[in-house]
Every structure is written in C-alpha cells, then in structure tokens.
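In what follows, a structure is listed as structure tokens, so that the remarks can point back to it.
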Amino acid sequence: MTQLDLSIVTLSFNTSEITDNCLIKVKQASDYCQKLLKNTVRAIVVDNGSSDSSVQTIKNKHPNVSLVELSKNLGYSRGNNIGMALADTPFILLINSDTFLNKDTLYESLHFMKENPECSVMCCKSVDKNGQYWPDGGHLPTPRNTALWALGLEYIPIIKNHLPKIYGYQQKFYSQLGFPEWYPTCFFLIKKEVFITTGGFDDQLFLYMEDVEWCQRIHQAGYKIWYNPQIQVTHLGGSSTKKLATLELLRQELTGIVHFQKKHYRDFWPILRVVLTIGMCLRSLFYLLTGNFLKAGWYIKLLQTVK
C-alpha cells in the first residue's frame, strides 16, 4: 500500500478569521492522524490576493503552513490548481477555508482509502454550523438534465422525484455509501494521480461549475467518486462570496453552465441555447406574475449570458 502521506490544499480570500479557525482544525486533525498512521501531513494555503489580514494572520499563527501569496484573485480554479501542483504526496485533500475538520477526519479518511484501494476520489457528508446536512452533489448536467433544469421541471412536485436532478439527490442518498456523479470540492480527497491525469480544475472557470466540470472529466478518465457519510465535516458555505451581488452570482453560475455545455456537448449547444433562453424567460415571467420585479429583471439581464 502506498504511504498515506497527504497534502491539504486550502484557498484563502478575505476570510482571515475563518481561515485561521480552519487551519487550527487542520493542525489538530493532522497531529492526530500523524500519531496514528505515522505519515506526513502538509498544509498548503494559496492566498488569492486578499486585502484583509489573511496573509499576516497565517504567517503569525501558522508558521508551518506552506503559504503561496498571489498578487491578485485568480479565481477558485487557478488558485487550487496552483496548490495541487505543489503537492508532493500521493494524496491531496482540497478543503475550502470555511470547512472545519473534526479531530479524526483525516485519520478516518485515509483509513477508508487504505481499506478501499480502488477508491481514488472521496467526498463526505457536510453539515452547517447547526448540524444540518447539506444536500450536495447531483447528476452531471448532460443536455437532457440541463434542459430539465432550465425549464424548471425538476422543481415540480411529484415529477421532481422521478427526474435526475443536477443539484441534490433524494435525502436517503446521504445516509449510505454512494457514488455521486458530481460533488462539491469543499472536502475532496483524491489520489495525486487523479490531478495528474485530469489536470485539475478548468482554469477558464473563475467561480461556479468548476467542481461539476472537473467531476465530468474525472468520470471520463475512468475514476469513480465515492461518497462516505460516515465521515463528516462542518461547511459554513459562501464565506468568500457574500459580498457578491445575487445577480453576479447567478451570472457566474450561468456562465459556467454555458461553458460546460460548449466544452462537452458542443453539438447540442444550438438546441440548448434555445432551451436556456426559454428557461430564463419563464423564470422572469414567474417573478413578474408574483410581483418580484427585481428578480424578473435579473433573468432578463441574464439572457445576455446565453450566447
């Protein structure tokens, strides 16, 4: 069995206090893991041009962390790729700065990988600060699934229970070992060979859909993503994006969807473009009829993204 040495890659962007708390948890989990497995655990933080005290806090309080200081925000994809490229261990764990590990998280995760050598990618159960689970992951956005999502069919009662949803599975999925088609990378444990084979995230995706797109290529490379609910982390969610306006977040998401479809299903794009346009118009009409003129205007503006 390969030595269970691990590099933990975390992206930091204007979340000084949260990143500090994250690294405290990482240190506790690393010490516990190293004591039991006699392995090496290295923490790598890539700071994406933070303007707050993030860099100084890391230098002062976490001197053993390998810190990469970028002069500007290169985005989630490029930042994480830089960190993963520096990893010199057979295992890499991606965690968001607002993801907090438990003391035994690393030990249990690597033990699972040791007991299941065919597992090359593992994600786990995420809960919020109140202990409520995040219904993360879903089916890959094939042209069919994207059309169902765009037209809002996966939100219709009864019908939605029988459709492959891009965002979220049925609740029972999260209670047992499973194999999601895609899963968020807030906690994403991989063998380094997966990064080498796939190249990591698509650098052209600045924010949103980067995890979905990478999972698509992970599957295409012949790997399977494992979901292990016996391992749990706390994920606050949205810590680095709270200052972005909702319209901008929606635009980033739709931009990612368009990029994904053009990259992986270019032959279907002319049809999907029409479907997405209809979907944005239907959403705008819905909010118009319900009196939410602000959101109705948002979806009209988003039509410019579908091109």
### Task
Pull up the cross-link candidates among the lysines for Lys59, meaning alpha carbon to alpha carbon under 24 Å and not fewer than 8 places away within one chain.
Lys25, Lys27, Lys72, Lys103
### Task
Project the alpha carbons of the range 81-157 onto their principal axes and report the range along each, largest first, in whole Å.
44, 32, 28
## Note on the structure
Rounded to the nearest 5, the percent of antiparallel DSSP beta bridges in the chain equals 35 percent
#### Entry: Spatial separation of Cα centroids for the range 1-71 and the range 74-119, in angstrom
11 Å
#### Entry: Among Gly256, Gly131, Gly237: highest mean-square fluctuation, GNM of the chain, C-alpha pairs under 10 Å
Gly131
## Note on the structure
For the range 1-136, Rg(Cα) over 2.2 N^0.38 Å is 1.04
### Task
Could you grab the Rg to Rh ratio for the range 133-202? Cα atoms only, Kirkwood for Rh.
1.03
### Message
Looking at the chain as a GNM with Cα springs under 10 Å, which of Cys22, Cys123, Cys215 has the largest mean-square fluctuation?
### Response
Cys22
### Message
How high is the relative contact order of the chain? Use alpha-carbon pairs under 8 Å, at least six apart in sequence, and give a whole percent.
### Response
20 percent
### Query
Computed from the mean reciprocal separation of all distinct C-alpha pairs, what Kirkwood hydrodynamic radius does the range 246-305 have, in Å?
11.9 Å
### Helical mean residue ellipticity (222 nm; -39500 (n - 2.57) per DSSP H run of 4+; nearest 500) of the chain
-13000 deg cm²/dmol
### Summary
Burial-style ranking of 289-295, 3-9, average other-beta-carbon count within 10 Å with highest first, yields 3-9, 289-295
### Query
Once the principal axes of the Cα atoms of the chain are found, what is the range along each, listed largest first in whole angstroms?
60, 42, 37
### Query
Taking the range 88-242 on its own, what percent of its Cα-Cα pair distances exceed 26 Å?
26 percent
### Task
Kindly express, to the nearest 10 degrees and within the range 0 to 90, the angle between helix 210-220's C-alpha long axis and the longest C-alpha principal axis of the chain.
80 degrees
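Read-outs: derived from the displayed coordinates by stated rules, not from any lab. Everything numeric in this text was worked out from a predicted model, so none of it was measured. With ideal geometry, Cβ positions are generated from the backbone for all residues, glycine too; neighbour counts draw on all protein chains shown.
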